[in-house]
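The values are calculated or read from the model by the stated rules, or taken from the named source; none is laboratory data. What you see is a predicted model, and the numbers here were worked out from it, not measured in a lab. Glycine also receives a Cβ, built like all others from the backbone with ideal geometry; neighbour counts cover every protein chain displayed. Surface areas here come from the heavy atoms of the whole protein model, side chains and all, with no ligands, DNA or RNA. Shrake-Rupley method; radii C 1.70, N 1.55, O 1.52, S 1.80 Å.
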Amino acid sequence: MGAGMENKVIKQISLFAENKPGRLASVANKLKSAGINIRAFTIAESGDFGIIRMVVDRSDYAHSVLHEAGFTVSETSVLGIEMQDVPGSMSRIAEIFGAANINLDYAYAFVTRDQKALLIVRVNEIDRAIKTLEENNIKLIGMKELEKI
């Protein structure tokens, strides 16, 4: 990642877990006990296993807590894109990425307390994606801002 780009990136927590009842509760309870707030999450299943991806208010601490609890956990750099919570906001982002030939690996979103939508994306070229979004006056949310949401 290019110099000066770190403050525009969010660290996402990813867990590889068995696809069985109670697994999500176990993860959520560990985070709850540690005082870590989950901002957004998504689950993708693949047969007997799944990947839980989440954005939390303290990612390094969450990684440590979950790793110590025996979970297979990793951190991934993703972008947090602030959008208006109105029709067309998502299509604008998709068009910008498409025109720049930037591929979205996956995405998920949530609405903040101040009625903005925050789109979490993993892209194939994060530095170029940041530059492209900034050139199009799209606001990125970094970890420090995420902690305050």
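The table that follows gives values for the structure above.
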{"quantity": "Residue check, Leu15 within 23 Å of Glu147 (Cβ to Cβ), hydrophobic (A, V, I, L, M, F, W, C) and part of a helix (DSSP H, G or I)", "calculated": "no"}
{"quantity": "Checklist (1) open to solvent by less than 20 Å² (accessible area, probe 1.4 Å); (2) outside the structural domain of Phe16 (by the TED database) applied to Met54, failing item", "calculated": "(2)"}
{"quantity": "From the options Leu79, Leu66, residue that is surrounded by 15 or more Cβ atoms within 10 Å (Cβ to Cβ), at negative phi and either assigned by the TED database to the domain that holds Ala129 or part of a strand (DSSP E or B) (or both)", "calculated": "Leu79"}
{"quantity": "Scope region 91-149; condition touching a residue at least 60 places away in the same chain (Cβ under 8 Å), open to solvent by 50 Å² or more (accessible area, probe 1.4 Å) and in a strand (DSSP E or B); matching residues", "calculated": "Ala109, Arg122"}
{"quantity": "Test: Val86 is outside any helix (DSSP H, G or I), out of contact with any Ser or Thr (no Cβ under 8 Å at 6 or more places or on another chain) and modelled with pLDDT of 95 or more", "calculated": "no"}
{"quantity": "Any chance Asp60 is open to solvent by 50 Å² or more (accessible area, probe 1.4 Å), in a helix (DSSP H, G or I) and in contact with a Gly (Cβ under 7 Å, 6 or more places away or on another chain)", "calculated": "no"}
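Okay, residues lined up against (1) over 19 Å from the mean Cα position of the chain (by Cα); (2) open to solvent by less than 40 Å² (accessible area, probe 1.4 Å); (3) not β-branched (Val, Ile, Thr):
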residue: Glu6; (1), (2), (3): no, no, yes
residue: Ile10; (1), (2), (3): no, yes, no
residue: Thr42; (1), (2), (3): no, no, no
residue: Gly47; (1), (2), (3): yes, no, yes
residue: Gly50; (1), (2), (3): no, yes, yes
